[in-house]
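K.L.:
Dropping the structure in here first, questions after.
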Amino acid sequence: MALLAVIGGLVFAFIKIGRAVSGNETSGFDETILLALRDAPDDPIGPPSLTAAVMHISALGSGAVTGLIVLITTLFFVVSKHYRYALLMIACSLGTLAGMALLKDFYERERPTVVTHIDPPGGHSFPSGHSMISAALYMTLAVLIARTLQTRRQRVFVVAMGATMMMLIGLTRLYLGVHYPTDVLAGWTAGLLWALVCGLLVERIGKRGTNDIPAPVED
């Protein structure tokens, strides 16, 4: 029940953010945050080496990198004969891409114009695709990995690292000027929502499967 309540809360939060963005109620907040990350509209804060590092981190949420991770993970589950988990990875990935495309086409928000884009993007801005994909993928992977670990401390660490990856990738999109903060917030919200749905599927698979990842023991 608690998990269903969290899912409901995420749905409500996304709808609220979407309505605020559609009503142009967030422009002041969005532009203030983006400009705070710049010495000038075309000059991000920090040395060029920081900008280069941010671009590398941002790439961890790109289609090429996340697609490769999904492929390797799926093949691992197939080799390990965890076929249900392989199907789950594929379903979660395709579901994330489909949801992202539908939401972007529905809201049709243009990219930020108040700052210069460091990494020229394509397509609409809301929600952030990098943020949504990274939230869904890395949090789902964190849950799957955590199920193999033996102590609560290890499981908490893995989930925390998944959340850290998600947050870092989203923040890079602000630094690069390719998304508004509300784009990133909406991406995190939608990605976490889908990750939780996938997590529910993992639990059902774990209870029904005959060749599943063994349940961990408590400390």
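Please treat every number below as a calculation from the coordinates, not as lab data. What you see is a predicted model; the values in this text were computed from it and never measured. No Cβ is skipped: glycine too gets one built from the backbone with ideal geometry, and neighbour counts run over all protein chains shown.
K.L.:
Net charge within 15 Å of residue 29 by Cβ-Cβ distance, Lys/Arg positive one each and Asp/Glu negative one each, not counting residue 29 itself?
P.N.:
The answer is -1.
K.L.:
Same structure again: For the chain, what is the mean residue ellipticity at 222 nm derived from helices alone (per DSSP H run of n ≥ 4: -39500 (n - 2.57); sum divided by total residues; nearest 500 deg cm²/dmol)?
P.N.:
The per-residue figure over the chain is -24000 deg cm²/dmol.
K.L.:
With charges only on Cβ, +1 for K and R and -1 for D and E, what is the dipole size of the chain about its Cα centre, in debye, rounded to 20?
P.N.:
With Lys and Arg at +1 and Asp and Glu at -1, about 1000 debye.
K.L.:
Now, a different point. Using the Cβ atoms and a cut-off under 13 Å, what net charge is assigned to the surroundings of residue 98, where Lys and Arg are +1 and Asp and Glu are -1?
P.N.:
Taking every Cβ under 13 Å from that of residue 98, the sum is 0.
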